[in-house]
1. Checking Q42 against (1) touching a helix residue (DSSP H, G or I) at 6+ places or on another chain (Cβ under 7 Å); (2) under 20 Å from Q89 (Cβ atoms), which test does it fail?
2. Look through Q89, Q58, Q47, Q54 and report the one residue that is outside any helix (DSSP H, G or I) and either modelled with pLDDT under 95 or of a type outside the set (S, T, Y) (or both).
3. Listed residues I40, I101, I94; which is modelled with pLDDT under 95 and part of a helix (DSSP H, G or I)?
4. Quick check, is E19 surrounded by 11 or more Cβ atoms within 10 Å (Cβ to Cβ), part of a helix (DSSP H, G or I), among the charged types (D, E, K, R) and in contact with a helix residue (DSSP H, G or I) (Cβ under 6 Å, 6 or more places away or on another chain)?
5. In the set L73, L31, L14, L68, which member is assigned to a helix (DSSP H, G or I), under 30 Å from V108 (Cα atoms) and not acidic (D, E)?
6. Could you list, ordered by first residue, the pairs with Cβ atoms under 9 Å in which the first is in segment 57-79 and under 12 Å from S39 (Cα atoms) and the second is in a loop (DSSP other than H, G, I, E, B), at least 6 apart or interchain?
7. Under 7 Å between Cβ atoms, which residue pairs at least 6 apart in sequence (or on different chains) link something in segment 32-45 that is in contact (Cβ under 8 Å) with a residue 12 or more places away in the chain and closer than 17 Å to E70 by Cβ with a partner that is assigned to a helix (DSSP H, G or I) and of a type in the set (D, E, K, R)?
8. Filter segment 35-76 down to residues that are surrounded by 13 or more Cβ atoms within 10 Å (Cβ to Cβ) and among the β-branched types (V, I, T), then give me how many there are.
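The values are calculated or read from the model by the stated rules, or taken from the named source; none is laboratory data. The structure displayed is predicted, hence computed values, not measured ones. Cβ sites come from the backbone with ideal geometry, for glycine too, and all protein chains shown count toward neighbours.
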Amino acid sequence: MSIMEKARELAGSLSESKELTTMREAEKMMLENQEARNSIAQFDEKQKAYQAAQAQGQDLTEEQMKELEELELKMLNNPYVYNFFKAQQEFQAILESINNIIGEAIGVKPQGCCEEGSCGSGDEPCGGCGGCA
């Protein structure tokens, strides 16, 4: 089996994974919920406006930073948004683990690992934890 065939096999397994299915279902539910969409839109709009201001050299005021934090909290307190972000993080962790396994196999230090090559406890190699505590 060629490398590309194995990559396609891995991609197929990923596309059928419960983590991807969960993430897609959570995204669908989030996008069907008007309150979730509104809170995301409010946060995105304000974040883009403030990023544009910062790109022009303007510093954000404490009030602006607080406003952005409050919008983010409102967005993340929505159960549909929260469930989607949680599912997205779980799927991302699988992708990171896959990258770490490939990196170890070709002699590249896995992402997010400590210098000593283990994570926090010293018991688990970096490829298994996705980063140090």
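1. Condition not satisfied by Q42: (2).
2. Q58
3. I101
4. yes
5. The unique qualifying residue is L14.
6. Partner pairs satisfying both residue conditions: L68/L60; N78/N33; P79/N33.
7. Sorted first by the residue in segment 32-45, then by its partner, the pairs are S39/K74; F43/E72.
8. Residues meeting the conditions: 1.
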